[in-house]
Amino acid sequence: MRPRELYTIGYEGREIEEFVSCLKSHKIGRLIDVREIPISRKKGFSKSALKKRFESEHIEYVHLRSLGSPSTIRHKLKSDHDYDYFFNAYLRYLSQNHNAVVEAYRYIQDGMNCLMCFERNPEKCHRTAAAQKISEYAGNGLKIFHI
């Protein structure tokens, strides 16, 4: 059965308990971390802590570095706040790394999946562009929900 829904979430401004509760309320079975570097100063949101926590919650944790926004693009955004450039550069990156989209699609073949990054606002996060590319690849009207 082909996936029909894909969720995205940012953890900015959330505590780990609220984050987990939100995922569980949407019946998420797999969290796909799309940060290039999955570390965080915020307690509970680094790769090893998330993996350990989600094992106890029966949510699979997957890190897809290949869908992360490359550091050069992120650093430019941080200095100039040019989101048009940021998203165009990220989409060019994905076009050159189509296997990243295919790999993500393979993961979302079953169950309820959610792409995760830091930025709370999906309109300012690369996970939205990644989700759109996955939807285009799916070619079946995959619906994207930001939680």
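Every read-out reported here was derived from the displayed coordinates using simple, explicitly stated rules and does not represent laboratory data. Being a predicted model, the structure only gives us computed values, none of them experimental. All Cβ positions, glycine included, derive from the backbone under ideal geometry; neighbour counts span all protein chains shown.
Given the Cα atoms of the chain, and with Rh set as the inverse mean 1/r over their pairs in the Kirkwood sense, what is Rg to Rh to two decimals? Provide the component values of the computation, followed by the final result.
On the way: Rg = 14.4 Å, Rh = 15.3 Å.
Dividing the radius of gyration by the Kirkwood radius yields 0.94.
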Legend entry - Spin-label model distance (nm) - residue 123 vs residue 109, 7 Å beyond Cα toward Cβ: 3.6 nm
Inset, instruction - Count the net charge of all other residues whose Cβ sits under 9 Å from the Cβ of residue 65, scoring Lys and Arg as +1 and Asp and Glu as -1. - result: -1
Inset, instruction - Would you mind getting me the FRET efficiency between residue 145 and residue 80? Use the beta-carbon distance for r and R0 = 30 Å, nearest 0.05. - result: 0.50
Legend entry - Inter-label distance, nm, simple model (7 Å from Cα along the C-beta direction), residue 132/residue 88: 1.4 nm
Inset, instruction - Identify, among 126, 98, 20, the residue whose Cα sits farthest towards the positive end of the charge dipole of the chain, taking +1 on the Cβ of Lys and Arg and -1 on the Cβ of Asp and Glu, with the dipole about the Cα centre. - result: 20
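Between residue 37 and residue 72, what length comes free when the chain is fully extended (0.36 nm per residue of separation minus the Cα-Cα distance, one decimal in nm)?
Values: separation 35, 0.36 × 35 = 12.60 nm, distance 1.28 nm.
The residue 37-residue 72 span can extend by a further 11.3 nm.
By how many nm would the segment from residue 15 to residue 46 grow when fully extended, if each residue of separation counts as 0.36 nm and the alpha-carbon distance is taken off?
Result for the pair: 9.9 nm of gain on full extension.
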Legend entry - Reachable lysines, given that their alpha-carbon falls under 24 Å from the alpha-carbon of residue 78 and they are not under 8 places away in the same chain: 42, 43, 47, 124, 133
